Amino acid sequence: MSTEQDEPTAETTTDADEAPAQTPGDRRREEKQARMQVTERERAEAAAAADETVQLKVFRFDPEVPEKEEPRFDDFHVPYVQGMTVLDALIYARDEFDSSLTFRHSCRQAVCGSDALFINGSQRLACKTQLSALDAPVRVEPLPHQDVVKDLVVDMEHFYDQMEAVEPYMQSEEFPEGELEEQRQSPENREKIKMSTRCIWCGACMSSCNIAAGDNEYLGPAAINKAYRFAMDEREEDDIKEHRMRIMEQEHGVWRCQTQFSCTEVCPKDIPLTEHIQELKREAVKSNLKFW
Amino acid sequence: MSQSYDRGLIEDFGRWREFSAGMWAWILHKFTGWVLIGYLFMHIAVLSTAIDAASGDPATYTDTIQGLESLLVVRVLEIGLLATAVFHILNGVRLLMVDLGVGLEAQDKSFYASLVVTGGIVVASVPTFLGGGVV
Amino acid sequence: MAERYSSFEPNGATWLLQRITAALLVVLLAFHFFQLHFLNHAYEVTFADTQARMEDPAYFATMVLFLVAAAFHGLNGIYNALVNQGIEGTRKTIAKYGLTLAGIVLVAQGIRVAMAMAGVTIS
Ligand code: HEM
Ligand code: SF4
Ligand code: FES
């Protein structure tokens, strides 16, 4: 590989007479090379041995292309490699078969939240879903209950609006004395909100919720969870919490939740969404009882 | 976004095979709830014969109730009502637990348990409902 | 987005009442079914039996409570279901008052029946 060629020349000239010892970098590169040879061999072997392919049925739609105006499913037969995810297979299909196949992805490691798709009937992150865990043919569709822009790309605008509606940022106004003082949070409190901080804004939960599907104004699980993350954070003052609770208690807030658990089941970050929504409902009832 | 594609409700009902326990529980709870409130209205209507009965002729009430009860259809419907009510109660208790934040991890199992227990109670009460006085 | 916050409604109160009536109904409905299908058999019910039961003030009060709780729980349940379905504006207002009216009629008629059974007549 071209990138690995100039460095050794530079190093051998300086380090040559001192010691022939490897730098950590050399060792890493060597190991990596070895690893790559192994995986390449494995890959070749696997392909040769079984020429195993996985059939993908992928939703296609493009309002700007006459042949794709009518939504349809295309079949792709992708050579299977051990450890292949749905996202890998889609990338393969796009690179090798049809460069117009459109889908969002970025991090490939369940961090960016851009590739939530409807795979074999449930909302999952394509990069976190192993093909080996699915029945073939694998049906890949854009997230339900959102408008399709093109192929697997849906319009996320509404989801982001709902997320913004709960004011997803720290609003604490009291700062500790001293310029370098930190706003401390107790370990217990951190533990309490831990799961709720994990959201990657993928929209899987919202898409799975049939209440959100019927009521466009429903804040939805992700936004409510986001509100929970701040409402339960002890660093915010009581009046801010009250303000947050008022957002949660409005008509299209927590009361819409019918505890179907579909959001909790699909969340790729395993956030106990239903539990958080329920806790906010109880919190709301409690604070109302205090006013009576 | 004028050109985007709205896939409509197929997403919801065309996919019933993929519904999870919580969704089935919701649908059944809804359905049983509507049946129960419908029955409540009917029930009060039937019992209203008691007003005539009180103002002179007790037979209107007794005959209406016993007349209805002598019909096999009514008995079968009553078993249906029992099933509906028992499921709604058991799943209702499940929902109350969920509201209190108790046993959320077992919410799917408790739904299946509601179904099984409902089935059991209904089968066990068939003799009581069908026994005696059916024409 | 800000306009959304203004529609504050005490939904929490009806939510709580729906749960409280549900808890009451578990006991009341179980008692009722047991009373009329297992202890007494529905097919043997006569007006005289019914009168005898209703004349007991405690039973009378229990049945009225049962009626009120069930009517609220059932009709509020339907209202919630409709709102979840996404009805709004005029249709929502109609649903609200229609269901309230139905509830009032149901409870009034129910109490009239119960009083007739208990032998109290006003008409
Ligand atoms: C016996 C004990 C009962 C329990 C524990 C119970 C429990 C519940 C609960 C917790 C809900 C709320 C569901 C939600 O909003 O998420 C509900 C809804 C409902 N209940 Fe009951 N209930 C009982 C009896 C009844 C009776 C006697 C009736 C009829 C008069 C009834 C009619 C309804 C209706 C119509 C709904 C709304 C269903 C929907 O969402 O469409 N329930 N029940
Ligand atoms: S709560 Fe979970 S499913 Fe919903 S957007 Fe966040 S990460 Fe995705
Ligand atoms: S590609 Fe970033 S979450 Fe899947």
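Values in this text are rule-based calculations from the coordinates and carry no lab data. Here the structure is a predicted model, which is why all the values come from computation and not from measurement. A quick note on method: Cβ atoms are made from the backbone with ideal geometry, for glycine too, and the neighbour counts reach across all protein chains shown.
Quick look at the values:
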item: Residue-by-residue Karplus 3J(HN,Hα) for region A:173-189, coefficients 6.51, -1.76, 1.60, Hz, glycine and proline x; result: 10, 8, 10, x, 4, x, 5, 9, 5, 9, 7, 7, 10, 6, x, 5, 5
item: Neighbour net charge for C:Gly98 - beta-carbon separation under 11 angstrom, K R +1, D E -1; result: +3
item: Gyration tensor over alpha-carbon atoms, chain C, equivalent ellipsoid semi-axes in Å; result: 36, 16, 12
item: Computed [θ] at 222 nm, deg cm²/dmol, chain A (DSSP H ≥ 4; -39,500 (n - 2.57); rounded to nearest 500); result: -12000 deg cm²/dmol
item: Residue order, fewest to most surrounding Cβ atoms within 10 angstrom, among A:Asp135, A:Asp233, A:Asp75; result: A:Asp135, A:Asp75, A:Asp233
item: For C:His41, distant residues with modelled amide H under 5 Å away; result: none
item: Dimensionless Rg over Rh [region A:49-154; C-alpha; Kirkwood]; result: 0.95
item: Distance between region A:135-160 and region B:31-50 - C-alpha centres, whole angstrom; result: 44
item: Rounded, prolate or oblate (a/c below 1.5 giving rounded, otherwise prolate when a/b exceeds b/c) for chain A by Cα gyration tensor; result: oblate
item: Cβ-placed point charges (K, R +1; D, E -1), dipole of the protein assembly as shown about Cα centre in debye, nearest 20; result: 2480
item: Estimated FRET transfer efficiency when R0 is 22 angstrom, pair A:Asp238-C:Thr14 (beta carbons, to 0.05); result: 0.25
item: Where N is the number of residues in region A:83-132, Cα Rg divided by 2.2 N^0.38 Å; result: 1.07
item: Which of C:Ala102, C:Asn84, C:His32, positive extreme of dipole for region C:22-123 (C-beta unit charges); result: C:Asn84
item: Region C:93-122-region A:233-285 distance, computed between alpha-carbon centres (Å); result: 37
item: Neighbour cut-off at most 10 other Cβ (10 Å), DSSP loop, GluC sites (Glu not before Pro), region A:132-217; result: A:Glu173, A:Glu174, A:Glu177, A:Glu179, A:Glu181, A:Glu182
item: Kirkwood Rh in Å, taken over all unlike Cα pairs in the protein assembly as shown; result: 28.2
item: Proximal lysines to A:Lys226, defined as alpha-carbon separation beneath 27 angstrom and excluding residues fewer than eight positions away on the same chain; result: A:Lys128, A:Lys192, A:Lys194, A:Lys241, A:Lys269, A:Lys281, A:Lys286, A:Lys290
item: Separation in nanometres of the label points that stand 7 Å from Cα toward Cβ, at A:Glu188 and A:Asp26; result: 5.6
item: Within chain C, helix-based [θ] at 222 nm, where runs of 4 or more DSSP H residues each add -39,500 (n - 2.57), nearest 500; result: -25500 deg cm²/dmol
item: Whole-Hz couplings from phi, Karplus 6.51/-1.76/1.60, listed for region C:73-79; x for Gly and Pro; result: 4, x, 6, 5, x, 5, 4
item: Helix axis angle, A:238-249 relative to chain A longest principal axis, alpha carbon, degrees; result: 80
item: Under 5 Å, built H, 5+ apart or other chain: amide partners of A:Val54; result: A:Val78, A:Tyr80
item: Under 5 Å, built H, 5+ apart or other chain: amide partners of B:Gly101; result: none
item: Top positive-direction residue, dipole computed over region B:20-130 with Cβ charges, set B:Ile65, B:Asn91, B:Val122; result: B:Asn91
item: Top positive-direction residue, dipole computed over chain A with Cβ charges, set A:Val111, A:Ser208, A:Pro24; result: A:Ser208
item: Integer Hz, Karplus 6.51/-1.76/1.60 couplings in order for region B:69-83, x for Gly and Pro; result: 5, 7, 8, 5, 3, 4, 4, 5, 4, 5, 5, x, 5, 4, 4
